[in-house]
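Inspection log for the structure reproduced underneath, given as structure tokens.
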Amino acid sequence: MEFTLVIWPKAKEGTCLRVLTPVIMEKLMQEIEAMPNTDPNKTVLKRYIGGNSAQVALDSAGRVCIPEDLAKAAAITDQVVLVGLMDRFEIWAPEAHDKIKAADEVMAQEAFKLMQ
């Protein structure tokens, strides 16, 4: 199975790699394409995602090899944290994940109020 790894500048806490299935990648491309051509973000997103992503496949052991340039952009060295997002997941450097996890904990109570 193939995936797309995208450098995802998620928050001030750090950058991660977002791992998208072909279906999710197609949906993302459709969302960007649906933006008005007059929106400068459309071209920025196309250029950024197009230039900061890579197609990867699982090896025979079910592992993904992260391209060196993507790992460097996300400050990933020898260890990672995988974080599930229900229909996709993120790959974080442990230090950056600690920061985003702390920020998420602060926001979680408000976010869960939307679920009631």
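For A61, are the conditions met, namely being within 19 Å of M1 (Cα to Cα) and touching a residue at least 40 places away in the same chain (Cβ under 8 Å)?
no
Listed here are the residues, each with its yes/no results for (1) of a type in the set (V, I, T); (2) within 17 Å of the chain's Cα centre (by Cα); (3) closer than 20 Å to A11 by Cα.
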| position | (1), (2), (3) |
| --- | --- |
| I24 | yes, yes, no |
| N41 | no, no, yes |
| V64 | yes, yes, no |
| D69 | no, yes, yes |
| V81 | yes, yes, yes |
| R88 | no, yes, yes |
| K101 | no, yes, yes |
| V106 | yes, no, yes |
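Coordinate-derived values only; no laboratory data. These numbers were taken from a predicted model, which means no experiment stands behind them. All Cβ positions, glycine included, derive from the backbone under ideal geometry; neighbour counts span all protein chains shown.
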